[in-house]
Each structure stands twice: as C-alpha cells, then as structure tokens.
1. List every residue pair whose Cβ atoms sit under 8 Å apart, with the two residues 6 or more apart in sequence or on different chains, where the first one lies in segment 176-191 and is more than 10 Å from TYR66 (Cα to Cα) and acidic (Asp, Glu) and the second, anywhere, is more than 12 Å from the ligand (Cβ to nearest atom) and assigned to a loop (DSSP other than H, G, I, E, B).
2. Do we find that ARG309 is modelled with pLDDT under 95, over 29 Å from VAL17 (Cβ atoms) and among the charged types (D, E, K, R) in this structure?
3. Report yes if LYS105 is over 19 Å from the mean Cα position of the chain (by Cα) and within 13 Å of the ligand (Cβ to nearest atom), otherwise no.
4. Taking segment 19-51 only, how many residues are part of a loop (DSSP other than H, G, I, E, B), small (Gly, Ala, Ser) and surrounded by 13 or more Cβ atoms within 10 Å (Cβ to Cβ)?
5. Run down LYS263, LYS249, LYS226 and say which single residue is of a type in the set (Lys, Arg), modelled with pLDDT of 95 or more and under 20 Å from HIS40 (Cβ atoms).
6. When you scan segment 5-18, how many residues do you find that are in a loop (DSSP other than H, G, I, E, B) and buried (at least 16 other Cβ atoms within 10 Å of the Cβ)?
7. Tell me, which residue of segment 19-43 that is in contact (Cβ under 8 Å) with a residue 12 or more places away in the chain and more than 15 Å from PRO233 (Cβ to Cβ) is farthest from the chain's Cα centre (by Cα)?
8. Under the condition of being within 16 Å of the ligand (Cβ to nearest atom) and in contact with a His (Cβ under 8 Å, 6 or more places away or on another chain), which residue from segment 71-93 is nearest to PHE199 (Cα to Cα)?
Amino acid sequence: MKKYNFNAGPSILPKEVMEATAAACLEFEGSGLSLMETSHRAKNFQPVVDEAVALFKELLNIPEGYAVIFLGGGASLEFCMVPYNFLEKKAAYLNTGVWATKAEKEAKLFGEVVEVASSKDKNFTYIPKNFTIPTDADYFHITTNNTIYGTEILKDYDSPVPMIADMSSDIFSRPIDVSKYGMIYGGAQKNLSMAGVTFCIIKEDLLGKVSRPIPTMLDYRTHVNKGSMFNTPPTVPIYCALQNLKWIKKQGGVEAMEKLAIKRAEIVYGEIDRNKLFVGTAEEDSRSRMNITFVLKPEYQEVGVKGHRDVGGFRASCYNAMTIEGCEALVACMKEFEAKH
Ligand SMILES: *Cc1c(COP(=O)(O)O)cnc(C)c1O
C-alpha cells in the first residue's frame with residue numbers, strides 16, 4: 001500500500017532524492033567508498049558543499065555579501081548562537097509559537113529582550129499585526145512558519161534593524177527577498193533534507209560586532225571563514241540536501257514550489273472548510289501552506305481521534321515533496337470519514 005507522508009519533520013522527501021542519497025551511501029560516485037566513510041576533506045566531497053552553497057544562492061537569489069553555511073545542532077542551537085553573535089544590548093522578538101518562545105528564552109541569557117507582539121492569548125492561532133520594532137534593537141527575530149500551530153508569515157517584513165528568521169519549515173517554499181534579512185536559518189529536516197544539518201544564510205558585515213568573547217564553535221565567523229569545514233560537517237545530510245536542491249531546480253525553482261504549495265493548500269483547506277466534521281485551527285489570514293492544522297468540531301469530538309497535544313486534532317504537513325495526488329487522497333479520506341459519521 002502506498003503511504004502518503006504528512007509528517008511534520010523529519011518529513012517527506014522526493015523519492016529520487018532518497019534514492020540518490022541511498023546509492024551514495026553504498027558507493028559514493030564511483031569512488032569505491034561509501035559516502036559515510038568518505039572524508040569531508042576528500043577531493044570528491046568539497047564539490048558537494050560548493051554545489052549546495054551555489055544552489056542555495058541561485059534558487060533563493062541571494063545577493064552578494066551573504067554567506068551560506070552548514071552546521072550541526074539543529075535550529076535549536078541557533079536559538080542560542082543568534083544572540084551569542086548578534087545581541088549586544090537589546091533584541092526584539094515576535095512570539096508566534098513554541099519555537100519562537102524557545103528562541104526568545106535563549107536570547108534572555110544574553111541581554112534585554114523586547115517581545116514586540118505575541119499571539120499566545122489565542123493559543124498562537126494567528127500572526128500578530130501592527131507591532132512596532134524598536135529602532136535601537138540589535139536585531140528583530142521572527143519564525144516565518146509555525147510548524148505546530150499552522151500559521152505562516154508569507155511576506156518579507158520591512159524592519160528598521162537586521163531581521164533574523166527561523167525558516168526551518170518553509171524555506172524553499174516561496175521566493176523570498178533575502179536582502180531584507182540579516183540572517184535566515186533552519187533545521188533541514190522539514191523541507192530541505194534528512195535530519196542532521198542546519199543551514200544558515202548570514203549577511204557577513206553583521207558579524208564581529210558584539211563585545212563578548214564567543215567560543216570558537218559557536219562563533220559564526222569560524223564556520224564562514226572555513227566554508228563549513230572547520231570541523232567535520234554532517235556529510236550525508238549535506239549530500240541529501242544537495243540532491244533536494246537539484247530536484248527543486250529541476251521542478252522550476254522556488255516559484256514552482258510556491259505554485260504547488262498554493263494548490264495543495266487550496267485542496268486541503270477547501271475540504272476542511274466544506275466538510276461538516278472539521279474546522280481549521282488557524283485564523284484564515286494566517287494559515288500556513290506548509291502545516292495544515294484542523295480539529296473535529298466540538299459536536300463530533302466523541303469520535304475520539306487524538307492529535308497534537310498543543311493544538312489537538314490533525315496536522316497535515318504539506319512540504320515541497322507532497323504531491324497533489326497525496327492531498328487528494330487526504331481529502332478523499334476526510335470525505336469518507338464524514339460519510340461514516
Ligand atoms: C522543528 C523546528 C525547530 C527545531 O528544529 P531542530 O532542528 O529540531 O532543533 C525550530 N523551529 C521551527 C520553526 C521548527 O519547525
């Protein structure tokens with residue numbers, strides 16, 4: 001039986017990406033060695049990193065002056081590295097969910113944190129509007145897609161101070177204006193690769209401005225200066241990311257990914273809004289295209305299907321590799337469920 005993978009992360013990847021990665025794990029491009037046993041300093045591995053960086057720059061149209069690096073530690077380590085490297089006195093955070101709250105918590109270890117707005121009052125079901133970013137903040141931090149709550153910031157804000165975004169779960173799902181950001185980061189396991197690698201896009205002239213000493217491994221300059229090769233990077237996840245970047249390019253780039261995302265969202269939200277059993281949890285103007293969250297209407301809840309502990313109900317994660325066919329299968333399942341109850 002074919003399974004459609006709506007997992008939130010680690011999550012769906014195109015079949016050819018998994019096949020290419022699996023093949024390289026058996027034998028890396030005719031070298032007689034597995035990718036797993038290949039040195040990150042090997043002559044045939046350096047091009048993997050170089051090509052992945054080049055495709056990041058090409059697909060996201062990254063302007064001059066930005067570095068792309070691959071690290072370990074997940075997005076969660078960035079929650080601490082960001083303030084370590086950029087927070088001198090004060091930082092501004094937009095609180096739109098659990099991940100944003102965690103990022104904010106780490107920043108408080110390094111300086112003053114101003115929460116410009118929060119949607120906690122309504123269990124993070126919306127993206128706050130009309131907030132003011134303090135002009136004396138060192139940076140402004142946002143979480144563009146709230147994986148748990150199914151809300152998403154679909155525009156690139158204008159910020160008077162460098163804007164830093166956690167894009168773990170919506171990177172490469174739409175074109176972005178990178179020039180509006182000081183830094184973009186994320187764990188790869190939602191929409192880019194398998195688990196194990198973190199990507200960072202950093203405007204280089206923002207580095208080296210804080211007065212505190214930074215431990216070598218936590219200093220972005222270390223990794224920027226060594227092209228992600230200061231120590232051993234997660235080689236297999238980087239290779240997997242490269243395969244996925246090639247796949248995205250072949251499909252027509254982020255513009256094509258956005259078209260697909262819009263279509264998938266129309267299909268699934270369309271059914272949620274039509275079906276008498278279900279109701280979406282996010283406010284309509286804040287709905288995520290990547291993580292579609294919905295619950296049974298209270299009058300049907302005795303059916304007793306359990307969902308995420310913070311939101312309840314269901315979450316259909318529709319990352320880049322999710323097909324229209326998969327969304328249609330989900331809709332058919334929701335219709336069948338409706339007919340039975
Ligand atoms: C999953 C997720 C994280 C945590 O990522 P890790 O790589 O597991 O640390 C952070 N932010 C967002 C938006 C996420 O979806």
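1. That search, which allows pairs on different chains as well, returns ASP177/ASP156.
2. On the way: modelled with pLDDT under 95: yes; over 29 Å from VAL17 (Cβ atoms): yes; among the charged types (D, E, K, R): yes.
Yes.
3. Working: over 19 Å from the mean Cα position of the chain (by Cα): yes; within 13 Å of the ligand (Cβ to nearest atom): yes.
So LYS105 fits the description; yes.
4. Matching residues across segment 19-51 total 3.
5. On the way: LYS263 fails: under 20 Å from HIS40 (Cβ atoms); LYS249 fails: under 20 Å from HIS40 (Cβ atoms).
None of the other options fit; the residue is LYS226.
6. Initially, segment 5-18 is screened for residues in a loop (DSSP other than H, G, I, E, B), giving 5-14.
Remaining after also requiring buried (at least 16 other Cβ atoms within 10 Å of the Cβ): 6, 8-9, 11-14.
Of the residues in that region, 7 qualify.
7. As a first pass, look at segment 19-43 and keep what is in contact (Cβ under 8 Å) with a residue 12 or more places away in the chain: 20-21, 24-25, 28-29, 31, 35-36, 38, 40-41.
Subsequent filtering for residues that are more than 15 Å from PRO233 (Cβ to Cβ) retains 20-21, 24-25, 28-29, 31.
Numbers: ALA20: 23, THR21: 21, ALA24: 25, CYS25: 25, PHE28: 28, GLU29: 29, SER31: 33 Å.
Once the filter is applied, the top-ranked residue is SER31.
8. Filtering segment 71-93 for residues that are within 16 Å of the ligand (Cβ to nearest atom) and in contact with a His (Cβ under 8 Å, 6 or more places away or on another chain), the one nearest to PHE199 (Cα to Cα) comes out as LEU71.
The values are calculated or read from the model by the stated rules, or taken from the named source; none is laboratory data. Computed from a predicted model, the values in this text were never measured in an experiment. Using ideal geometry, Cβ is built from the backbone for each residue, glycine included, and neighbour counts are taken over all protein chains shown.
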